[in-house]
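Let me begin by presenting the structure, written as structure tokens, before commenting on it.
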Amino acid sequence: DSSSSSWRRDKKRAPDEMGWTTINACSGETIYDAMFNAEHTFLTCARDHPVTMYNTDSSSGNDTVATYPATNRGEEHMNINSLMVSDGSDVIFGGGHQTIFSWATTRPGRQQHRIDTKRNTRGHITSLDYTERGSLLAAGSSTGTNVALYDTRAQRCVIDLQHALTTKAAAGEAVGCVRFCSEGEWVWANVKSGDHIFGWDIRSPQDPLV
């Protein structure tokens, strides 16, 4: 329910001692992605709204901790479709249209960095995942079958996996999700209308594992 920007804790409707907590955010707009950032903080991205951090443990009624707007070079608002944070929760990443944004968690506002993805990950960035191994960010998109790995320090694409997905099982399909394994040596992806999961050893990414 995204009808208001408030938190609610109601123990009358919760059978356990912890109660329950809901977030009603972004003034009724569609929420594209949401995730926990660190202890007691939660992130959302929604249509026509900046990335917003909430305090999940607040009882004051002022639950918004910070906002992180995404703008293009003309200072126009851009929607964020997917979220990810670094392992230390000190950097927030957001997938927009042919752009990956990043913000320092402690510096909200318009102080953003951009990675242009239109050569390697066209369309809207629908899924992101991060690994400390090489400070890599995996990105999948809604247009074609595009998966690529980006070096978040150098802010450029380092591995393009698009060629590996041009098979009958995946060609032209939107990417639904990308994930690194826990060691960061493998990245996995699925396509929204397919029945396969593709995996690559990023040390030798030429052939997909089906």
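The values are calculated or read from the model by the stated rules, or taken from the named source; none is laboratory data. Bear in mind that the values here come from a model prediction, so they are computed numbers and not experimental data. Neighbour counts run over all protein chains shown; Cβ positions are idealised from the backbone, glycine included. Heavy atoms of the whole protein, side chains included, go into the accessibility calculation; ligands, DNA and RNA do not. Shrake-Rupley method; radii C 1.70, N 1.55, O 1.52, S 1.80 Å.
Which value, in debye to the nearest 20, describes the size of the charge dipole of segment 38-141 about its Cα centre when Lys and Arg Cβ atoms bear +1, Asp and Glu Cβ atoms bear -1, and nothing else is charged?
Working: 9 positive and 11 negative charges, 114 e Å.
Value, rounded to 20: 540 debye.
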Worksheet item: So for the pair residue 34, residue 151, with labels modelled 7 Å out along Cα→Cβ, what separation do we get in nm?
Response: 3.7 nm
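Could you order the peptides 128-136, 48-56, 106-114, 74-82 from most to least packed, using the average number of other C-beta atoms within 10 Å per residue?
On the way: 128-136: 17.6, 48-56: 19.6, 106-114: 13.1, 74-82: 16.0.
Per-residue mean Cβ counts within 10 Å order the peptides as 48-56, 128-136, 74-82, 106-114.
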Item to complete: Taking only protein heavy atoms into account and a 1.4 Å probe, give the accessible area per residue of segment 55-114 in Å².
Response: 50 Å²
Worksheet, complete the sentence: Residue span residue 119 to residue 77: 0.36 nm per residue of separation minus Cα-Cα distance leaves a gain in nm of 12.9 nm
